[in-house]
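One structure below.
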Amino acid sequence: MTDLTEARMEKLEDEGSNGRNFLWITLAGLGIVMTLGAIAGFMGEHQADGGGELSGVGVAVLISFGAIVAGLSYAIWRNVKKLKSNGEPMTKREKLNRNIIVGLGLLGGVMGFVLSTSSIGNADGNGPGSLSAIFSSGPLPLTVVLPFVFIWVVIMPVVAWFWHTRAIDEQEANAYRDGGYYAAYAFLILAPLWWVLWRGDFLPEPDGVAIYLIFSLIWSAVWFWKKYR
Amino acid sequence: MKNQLKVLRAMRNWSQAELGEHLDVSRQAVNAIETGKYDPSLPLAFKISRLFGQPIEEIFDDGFDGGQNGEA
């Protein structure tokens, strides 16, 4: 590899994994959502206490939350700028993959917003609009249930099939498959363990939503690690 | 698995993204193969072999030393 031209050197510098950048972007994005939730919760508490002008401490808390959101937004911007091959043309598969991921992320955001605002009489005591209301077991109106059923039963299988056959390449399929193995074994071990420990009065009753979230989290974490390590 | 992909790519003056385009895989996949973190499937290995006009065993090294260390 001697006699490298300047252009070639630039291309070689534009190598490596984008994993760390994507991880920071994801964590900063989650941080922003959680901080916005904290701001909403803080203002809700303030309104519940009678509203009116915020005290000095209240203003300082809001400014701190604002600074956190600004800092995390800056972190996202910095990491997007540092993405390798940023601006280079992507293959059709990569473009399709990106569009599907972004589209599903937006759909998930809309679904989360609808869930957090539309639960009727939250069973966990979390008021509508709170972040935790998304995962509550409170009843939902039929106008929300039916579109959600349509999304999960019709849209998701079609998108999943399309994603696997047209959008991802074999390295990502391999990472996804490995994630599935880890998640499946975690489920096979942890679900009965929780059930037995509940029967032995060591843990509360198994929670289907918690098991689903743990399963999804393990699958996603392993997929990410295998794809971007 | 060790391989010569990075050298071959540099000789063509291709970026990882450009090689990915030739192979119809992502830049991330090219990076993972080059760094030995992902071993390509046989069809992809053949595709790489044809693209660079070299046999697979010239590009990929599975560490087999001809059975001198007891391997059949």
Practice task
Report, ordered by the first and then the second residue, all pairs with beta carbons closer than 6 Å, sequence separation of six or more or different chains, a first member in the range A:29-57 that is without any contact (Cβ under 8 Å) to a residue 12 or more places away in the chain, and a second member that is surrounded by fewer than 14 Cβ atoms within 10 Å (Cβ to Cβ) and not basic (Lys, Arg).
Solution key: none
Problem - Filtered residues of the range A:197-229 (kept if free of Cβ contacts under 8 Å to residues at least 24 places away in the same chain, exposed (fewer than 12 other Cβ atoms within 10 Å of the Cβ) and not acidic (Asp, Glu)) - result: A:Arg199, A:Gly200, A:Phe202, A:Pro204, A:Gly208
Practice task
Would you point out the residue of the range B:1-16, among those that are open to solvent by 10 Å² or more (accessible area, probe 1.4 Å) and within 19 Å of A:Thr91 (Cα to Cα), that is farthest from the other protein chains (Cβ to nearest Cβ)?
Solution key: B:Arg12
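Is it true that some residue in the range B:35-49 is touching a residue at least 60 places away in the same chain (Cβ under 8 Å) and within 10 Å of the chain's Cα centre (by Cα)? Break it down stepwise before answering.
At the first step, the residues of the range B:35-49 found to be touching a residue at least 60 places away in the same chain (Cβ under 8 Å) are none.
No: zero hits.
So which residues in the range A:43-98 are among the small types (Gly, Ala, Ser), assigned to a helix (DSSP H, G or I) and modelled with pLDDT under 85, if there are any at all? Steps first, answer last, please.
Restricting attention to the range A:43-98, the residues satisfying the condition of being among the small types (Gly, Ala, Ser) are A:44, A:48, A:50-52, A:55-56, A:58, A:60, A:64, A:66-67, A:70-71, A:73, A:75, A:85, A:87.
In the following step, the residues that additionally are assigned to a helix (DSSP H, G or I) were identified as A:44, A:48, A:56, A:58, A:60, A:64, A:66-67, A:70-71, A:73, A:75.
A:Gly44, A:Ala48, listed by residue number.
Residues that are within 23 Å of A:Glu15 (Cα to Cα): which helices (runs of 4 or more DSSP H) entirely in the range B:20-65 hold 3 or more of them? Explain how you work it out, then say what you get.
On the way: elements: B:27-34, B:42-52, B:56-59.
Because the criterion is at least 3 residues that are within 23 Å of A:Glu15 (Cα to Cα), the helices (runs of 4 or more DSSP H) in the range B:20-65 that meet it are B:27-34, B:42-52.
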Practice task
Among what's in the range B:17-54 and is of a type in the set (Gly, Ala, Ser) and more than 8 Å from chain A (Cβ to nearest Cβ), pick the residue that is surrounded by the fewest Cβ atoms within 10 Å (Cβ to Cβ).
Solution key: B:Gly53
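Considering only residues that are in a helix (DSSP H, G or I) and either under 25 Å from A:Asn21 (Cβ atoms) or polar (S, T, N, Q) (or both), which ones fall in the range B:10-19?
Kept after step one, since they are in a helix (DSSP H, G or I), are these residues of the range B:10-19: B:10-11, B:16-19.
Of everything in the range B:10-19, those that are in a helix (DSSP H, G or I) and either under 25 Å from A:Asn21 (Cβ atoms) or polar (S, T, N, Q) (or both) turn out to be B:Ala10, B:Gln16, B:Ala17, B:Glu18, B:Leu19.
The values are calculated or read from the model by the stated rules, or taken from the named source; none is laboratory data. Being a predicted model, the structure only gives us computed values, none of them experimental. Note: ideal-geometry Cβ built from the backbone for every residue, glycine included; neighbour counts use all protein chains shown. For accessibility, only protein heavy atoms count, side chains too; no ligands or nucleic acids. Shrake-Rupley method; radii C 1.70, N 1.55, O 1.52, S 1.80 Å.
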